[in-house]
Structures are given as C-alpha cells and as structure tokens.
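What follows draws every value from the coordinates through simple rules; no lab data is involved. It should be emphasised that the depicted structure is a prediction, and the values quoted were computed from it without experimental measurement. Ideal geometry is used to build each Cβ from the backbone, glycine not excepted, and the neighbour counts take in all protein chains shown.
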Amino acid sequence: MQNEIWKDIPDYEGIYKASNLGNIKSLKNKKEKILSPAINDKGYYKVVLYKNKIKKTKLGHRLVAIAFIPNPENKPEVNHKDGNPLNNNIDNLEWNTKLENVRHAFRTGLVNHKGENNSRHKLTKEDVILIRKLKKEYKIKSKTIADLFNIKIHTFYQIIYYKRWSFI
C-alpha cells in the first residue's frame, strides 16, 4: 500500500494540495480538509478551488499531474493509463498530446466508432445485413438499394465489399 504524499498545487501554493493517490485537500483557515469531488458529465472528478475570491472548477487528474508529473515536452492532456477516469493515482497518469490520447483510447477499446457506435451512422446492423442480402440473393440493382437506404452508391459498394461494416 502506498503512503500518501502531498504537494502544493502550482498557482494554489499554501491553499490547496494534491496527493499521489489522487486526492485534493484544502488548507484554508489552517484546517486541512480533503475535498469531496463531484463527477463531471464526461466521468472525471472535478473540484472547485477558490483563490482571491475567484472560483474555478478544475479536473482532479490534471491537478495531480501538474503537482507530481514533470511535463518537459509541454504536452497538453493528461491520460489515464488504465482508461478509468476516476483513478487519479499518479502511477495511472501520464502527459499526452491529443493524438496520443486518441490512439490510446482506440488501442485499449475505450472508444468504438464502428457501426452504430459511430455518431454519423445512418444504418443499423440489420440494415447492413439486409443490403447484402438484397444484392446477393435477390439481385436487386445497386442504385435501387442505395436509394432505398438513402446512402451514396460509393457507401453501398463499401458495404458490399466489406470495406465498411466489415465486422458483420
């Protein structure tokens, strides 16, 4: 079990500290109090920090990374290595570029933009199966099928030749 180590949060020295285990605490009024984080709409811990009567909402993992993890290449994003946005232990965090973060998400299966999971999809799995069946078994003209499903002919051929929806 790791010992909890606390460090000042840059720009909030003497007011707030972050721990290597992912906690944030306030030092206001000479009382130390671990903050209870909320979860934002993307599933990350967030805390509200005050300085000079100005309130700012900050992401917990970024505060931990800023306090503990050197960033000599000035990378803008903090990645959770295990994909769990609630695990803000320093062993689970690393500085990344946007591209590195996206690649990590795809490589680890955190993001799936295939088929119906793609926000721009028009077709369902059942539609794709039916399109292939209409062409192969019923020999319906390609243009007719494309029009029927309101897709471009190019998209139709990509489906037929398994360039799109190849996992079905």
Report the net charge of residues surrounding L130, where surrounding means a beta-carbon distance below 13 angstrom and charges are Lys +1, Arg +1, Asp -1, Glu -1.
+2
Can you tell me which of V128, V64, V102 moves the most in a GNM of the chain? Springs connect C-alpha atoms under 10 Å apart.
V128
Contour excess over end-to-end distance, with Cα ends at K30 and L99 and 0.36 nm allotted per residue
20.6 nm
What ranking do S142, S166, S26, S36 get, fewest neighbouring Cβ atoms within 10 angstrom at the top?
S36, S166, S142, S26
Count charges around N92 for me, please; just the other residues with Cβ under 9 Å from its Cβ, Lys/Arg as +1, Asp/Glu as -1.
-2
7 Å from Cα along Cα→Cβ at both Y162 and N150: what's the point-to-point distance in nm?
3.0 nm
Listed residues D82, D91, D147, most fluctuating in the chain (Gaussian network, C-alpha, under 10 Å)
D147
Rounded to the nearest 0.05, what FRET efficiency do M1 and K53 have when you use their Cβ-Cβ distance and R0 = 41 Å?
0.60
Expected max-MSF residue from I66, I34, I131 in the GNM of the chain (alpha carbon, under 10 Å) is I131
